[in-house]
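Since the structure comes first, as C-alpha cells, the remarks are kept for the end.
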Amino acid sequence: MQRLVEKRHAYAIDGDVAFHVPSFAEYGKLSRRDLDSQIAGARVEEDRRKRDPRDFFLWKAAKPGEPSWESPWGAGRPGWHIECSAMSVKYLGEGFDIHAGGSDLIFPHHENEIAQSEAASGKAFARVWMHNGMMNVARGDGEDEEKMAKSLGNVVGLREMLDRVGGPALRYLYIAAHYRSDLLYSEGSVEQARGALDRLQIGRQTIDRLMGKTTKTGGSDLAELEEARRVAKEEFHDAMDDDFSTPRALAALHGLVGAVNRLGAEASASFAPSEEGRTRLSAARDTLVGLAGVLGLGLEEASIPRGLTTDLIQLLVELRQKAREAGQYEIADEVRSRLAGLGIVLEDRQDETTWRLR
C-alpha cells in the first residue's frame, strides 16, 4: 500500500487508503467491462470522498470494536482485495503462472487484484486466469435451479456428498461439465454420472471377456477396434489441450466403449480373436484404462467375489441355460437372482449368455 501511495496510484482519506482506478490504464482488461458497467459494479462501495466512483479501498480506518493494526495512516485493517494480492506475492512472487477462482470473482475482486498488484510492481500479476462455474442445486420438482450458497442454506458439505454419492461418481459428475460451466447437482445428475461411469467399467469388462475367448485357427484381427482406439486417443488429447475440455474427453472414452460394446454384441459364441486381434484388444484396454486414469477415473479390474472363480461362474451360467431350455424358469431365475446378489450381472444374447461384475 505504501508503494502504491508513493507511485500516486493510491491516496489517503481520513485514515482510509483508496486505490485510484483511473491511474491504472489497463483497468478492466480481465472482465472487459466498459466504464459504465465498471461504475455500476463499484457502487456497492460508494463513498463521496472518493476521487472516482470506481476507486476501491485498500485500508479502512478502525471502527469501535473491530480488530485493527497500526499503519502509517493510523489504526485500521486491510481491505479484502489487498489481502489476496499480499498473500499471492508473499508465497508465489511478483508474477506467477495460474490464478483460479469462481466466475463470480472476476469483477471487481480479480480486476482489483490485477490493478493494485501490477501498479505496485510493474510486472504481470498472473499469466493465466481460470474461472470455474457455479454449483447449482435443483429446487422442488428439479426444473428450477439456484446457486449453492451458504446464504441460501442449500450447501451440501463435501463429506456428506461423498457419503451420498461416492467418490468415483462424484468425480465423474464434476468433470462431466466444463470447469467454466455451471454444474447442476440433483438426484438425476448423480444417477446419470453413476450410469456413465458404469458404462466405462462395463467396456473394460467386455474387453476382458473377449480376450478370454480362444481359438486354434484363424480368428478376427479387429482392425475396426484399432481404428476406434486411435480416434479416441487423438480426440481425448485434443479435448484436454482445448482448455481442459473434460466433457469432450469423456465423449472420446465413450466412443471407444461404444466400439467395444458393438463388438461384444456382434461376437457370437464361436467368436475368438486372432493373435493380432488379441494385441489390439489389449491396446484398447490399456488406452481406455490409461485415459480414464488421466481424469482420475479408476477402471481397475473388478475382483470376483470370495468363494467364486471364473470357471465356477461360467458353470452356473451354463447350468442356468440348460434349466431355461428345459423350461425350468424358476430355477433359472433363482440362479440369476443369487448371482446378482453377489454382484454378477447376466446378459442374455441371441446365442449365448455373458456375465460381468457390477
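Sub-8 Å Cβ pairs linking a first residue in the range 330-344 that is within 20 Å of residue 306 (Cα to Cα) to a second residue that is in a helix (DSSP H, G or I) and of a type outside the set (Val, Ile, Thr), at least 6 apart or interchain, are 335/316; 335/319; 335/320; 335/323; 336/320; 339/316, ordered by first then second residue. Can you find a residue in the range 13-34 that is among the small types (Gly, Ala, Ser), part of a helix (DSSP H, G or I) and closer than 30 Å to residue 135 by Cα? Checked the range 13-34: no residue is among the small types (Gly, Ala, Ser), part of a helix (DSSP H, G or I) and closer than 30 Å to residue 135 by Cα. Just one of the listed residues (297, 281, 288) is surrounded by 14 or more Cβ atoms within 10 Å (Cβ to Cβ) and not in a helix (DSSP H, G or I), namely 297. Taken together, 243, 311 contain a single residue that is surrounded by fewer than 13 Cβ atoms within 10 Å (Cβ to Cβ), of a type outside the set (Gly, Ala, Ser) and under 23 Å from the mean Cα position of the chain (by Cα), which is 243. Checked against the criterion of being assigned to a helix (DSSP H, G or I), of a type in the set (Phe, Trp, Tyr) and not assigned by TED's automatic domain parsing to the domain that holds residue 175, the candidates 236, 271, 244 yield just one match: 236.
Selection of helices (runs of 4 or more DSSP H) fully inside the range 87-198 by the criterion of at least 1 residues being in the same structural domain as residue 6 (by TED's automatic domain parsing), surrounded by fewer than 16 Cβ atoms within 10 Å (Cβ to Cβ) and touching a residue at least 24 places away in the same chain (Cβ under 8 Å) returns 111-121. For residue 318, work out the one condition from (1) closer than 30 Å to residue 338 by Cβ; (2) surrounded by fewer than 21 Cβ atoms within 10 Å (Cβ to Cβ); (3) not assigned by TED's automatic domain parsing to the domain that holds residue 331 it doesn't fulfil. With respect to (1) closer than 30 Å to residue 338 by Cβ; (2) surrounded by fewer than 21 Cβ atoms within 10 Å (Cβ to Cβ); (3) not assigned by TED's automatic domain parsing to the domain that holds residue 331, residue 318 is out only on (3). Taken as a whole, the condition of being surrounded by 17 or more Cβ atoms within 10 Å (Cβ to Cβ) and either touching a residue at least 40 places away in the same chain (Cβ under 8 Å) or within 25 Å of the chain's Cα centre (by Cα) (or both) does not apply to residue 223. Against the definition (over 21 Å from residue 122 (Cβ atoms), touching a Pro at 6+ places or on another chain (Cβ under 8 Å) and not hydroxyl-bearing (Ser, Thr, Tyr)), how does residue 54 come out, yes or no? For residue 54, the condition - over 21 Å from residue 122 (Cβ atoms), touching a Pro at 6+ places or on another chain (Cβ under 8 Å) and not hydroxyl-bearing (Ser, Thr, Tyr) - is met.
Once the range 12-33 is narrowed to residues that are more than 17 Å from residue 125 (Cβ to Cβ) and not β-branched (Val, Ile, Thr), the residue that is surrounded by the fewest Cβ atoms within 10 Å (Cβ to Cβ) is 14. The set of residues in the range 302-321 being among the charged types (D, E, K, R) and within 16 Å of residue 345 (Cβ to Cβ) consists of 320 alone. Within the range 265-289, being of a type in the set (Gly, Ala, Ser) and at pLDDT 90 or above holds for 282, 283, 284. Residue under question is residue 257, and the condition is that it be surrounded by 13 or more Cβ atoms within 10 Å (Cβ to Cβ) and either part of a loop (DSSP other than H, G, I, E, B) or at pLDDT below 85 (or both); does it hold? Against the criterion (surrounded by 13 or more Cβ atoms within 10 Å (Cβ to Cβ) and either part of a loop (DSSP other than H, G, I, E, B) or at pLDDT below 85 (or both)), residue 257 does not qualify.
Yes or no: the range 210-218 includes at least one residue that is surrounded by 15 or more Cβ atoms within 10 Å (Cβ to Cβ), touching a strand residue (DSSP E or B) at 6+ places or on another chain (Cβ under 9 Å) and hydrophobic (A, V, I, L, M, F, W, C). The answer is yes, given that some residue of the range 210-218 is surrounded by 15 or more Cβ atoms within 10 Å (Cβ to Cβ), touching a strand residue (DSSP E or B) at 6+ places or on another chain (Cβ under 9 Å) and hydrophobic (A, V, I, L, M, F, W, C).
Listed here are the residues, each with its yes/no results for (1) closer than 20 Å to residue 83 by Cα; (2) modelled with pLDDT under 95; (3) more than 40 Å from the chain's Cα centre (by Cα).
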residue: 13; (1), (2), (3): yes, no, yes
residue: 23; (1), (2), (3): no, no, no
residue: 34; (1), (2), (3): no, yes, no
residue: 42; (1), (2), (3): yes, yes, no
residue: 46; (1), (2), (3): no, yes, no
residue: 56; (1), (2), (3): yes, no, no
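The values are calculated or read from the model by the stated rules, or taken from the named source; none is laboratory data. All figures in this text were calculated on a predicted structure; none of them were measured in a lab. In this analysis, Cβ positions are derived from the backbone assuming ideal geometry, glycine residues included, and neighbour counts consider all displayed protein chains.
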